[in-house]
1. Once you have a ≥ b ≥ c as the square roots of the Cα gyration tensor eigenvalues for the stretch 108-178, tell me rounded if a/c is under 1.5, and otherwise prolate or oblate according to whether a/b is larger than b/c.
2. Within straight cross-link reach of K227, meaning Cα distance under 17 Å, which lysines are found once same-chain residues fewer than 8 apart are removed?
3. State the Cα centre-to-centre distance between the stretch 379-397 and the stretch 406-450 in whole Å.
4. Excluding R350 itself, what net charge comes from residues whose Cβ is under 10 Å from its Cβ, given Lys and Arg +1 and Asp and Glu -1?
5. What number, in percent, do you get for the relative contact order of the chain if the mean sequence gap of Cα pairs under 8 Å and at least 6 apart is divided by its residue count?
6. With a point put 7 Å past each Cα toward its Cβ, work out how far K227 is from D78 in nm, to one decimal.
7. Could you state the angle between the C-alpha long axis of helix 26-44 and the longest principal axis of the C-alpha atoms of the chain, as a value from 0 to 90 degrees rounded to the nearest 10?
8. How tilted is helix 73-90 with respect to the longest principal axis of the chain? Cα atoms for both, answer in degrees (0 to 90, nearest 10).
Amino acid sequence: MNLVEKTEKTFALTTPLYYVNDVPHVGSAYTTIAADAVARFHRLLGHRVLLITGTDEHGQKIERSAESLGKAPQEFCDQIVPSFISLWELLNIQYDRFSRTTASSHEAIVKEFFERVWEKGDIYQGQQKGWYCVSCEEFKEERELLEGHRCPIHTNKEVEWRDEQNYFFRLSKYQRQLEEFYQSRPDFIQPGSRRNEVLSFVSQGLQDFSISRVNLEWGIPVPVDPKHTLYVWFDALLAYVTALLEPNSEATLANALETWWPINLHLIGKDILRFHAVYWPAMLMSADLPLPEKVFGHGFLTKDGQKMGKSQGNTLDPVRLVKSYGSDAVRYYFLKEIEFGKDGDFNEVRFINVLNADLANDLGNLLNRTLNMVKKYCTGDGVPIANEAINDENPLKAIGLSLGQEVKQAYEALAFNQACEAILMLVRTSNKFIDEQAPWSLYKLGKQQEVETVLYAVLESVRLAAYLLSPIIPNISSAIYQQLGFGIDFNDQIKTSMLAGFASHATWGVLTSTQSLGKPQPVFKRIETSKNH
Ligand code: MSP
């Protein structure tokens, strides 16, 4: 490893590893879009990034899904996995690793990890009695259940009674250590409401949990007792570690942990918080490994105000959505319209209105008409004026000079909606500015320098907006950059990294007087429907 690589900041993040009992739903798309935006933002900062996603393929839920179609579990998984890969492609997700829990390297990592925890004396045999939800792959407390022994999350599914010999993990032993950890690292669980949930759960007293199953073949055999298979969650969480292996390196824990561990951010939905914020750190403590930096639990999506689900008959197919509206539109709506961490709703009329207002009108039209004015009112291919000629009182420059910092903080806090709002505020102010300044009238009055000042300020603001929005709408941002005369495609990681870092392009005043502007073309076409005039 050379010196540059050593000093470079790294950032590793994960999406959950999705169950393959079915093709991906919009919930999986939501987390993955957010993860990709975070990854792209860190790449803009010049960090070396590793975005991990993948699939969780063992356990009873998958075994039964395969069985119901008369397929062998592996064959069934192999048929579902490509639907995830192709959705990530459609959504323009730049992941670095795709971790499958059925990979042979994963089994080796799980065995080694299990042995460490076993040696520590943290695994023992016991009798497991309780209610199990196969859809959650989780035991439930009697008091959590709905009427008719139904699961509170999968409300149409009944839980099943289990009474069997299992291996247990000594979670209770880590109660104090976990509490001390949460105190010393107040940022570990985010947002704050989720942290409180976890603290309250832990303060009720932690119970050991079973980490093996008998009578279930579809899993990794327990190394000390192959009649058992490992509990799907014990296996799945470790696939985050497996994903860190370099493609050709031997599957050992030491190799996996060498470069990227500890992971900086686990992005998950709120339903799987306990696994990531309680079980996972305790497992790592037992294995004497450093803990991840942060777990962020986002909210749930509803459709037209209703819980989404097959039984409700109101699923939202992410593939149809992207094919109808494009990846940037879908990415933008979910990140701009929903506060990350809170529940949020999808409504197609609102979706179309937001896209038309923000992307087609406010941003796209602004660029288009300003570029046309440059062609009309200026000689040459660009605006023959430089940033230095524009004083700091210019309202767009005044906002633009501090915007980069504000947006950076919003991305760092995963407040995507705030990032978008702050950027849109510059765009809206630019629209107002150009209308008020009326460069067409200034031109008629022969005030050429004033015309150029207005056009420069607006174009530069559009450029800054495009740069700062590029983690969310990379295609539109690239189109804008190209029309502004930059040979930059935000989907091209190598070229983007040559932008000389966030500090230079995230500030106002980058456009130069020698910039050769491109042909004006709509960057986002207004969506026309019968409902939205
Ligand atoms: N396999 C486990 C994760 C193991 S990670 C080591 C799992 N998979 S899942 O496919 O069921 O869920 C994946 C993610 O989708 C979870 O983060 C969950 O919160 C999210 N969502 C499922 N339905 C959702 C919505 N309706 N809205 C938003 N996210 C939702 O759990």
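1. Details: a/c = 2.32, a/b = 2.11, b/c = 1.10.
It comes out prolate by the Cα gyration axes.
2. K111
3. 14 Å
4. On the way: positive: none; negative: D304, E337, D345, E348.
With Lys, Arg at +1 and Asp, Glu at -1, the net is -4.
5. Values: 848 pairs, mean separation 79.2, N = 533.
Value for the chain: 15 percent.
6. Those two pseudo-labels are separated by 3.2 nm.
7. Roughly 60 degrees, rounded to the nearest 10.
8. 10 degrees
Read the figures in this text as sums done on the coordinates, not as results from a lab. Since we're looking at a predicted model, the values are computed, not measured. Glycine gets a Cβ as well: all are built from the backbone with ideal geometry, and neighbour counts include every protein chain shown.
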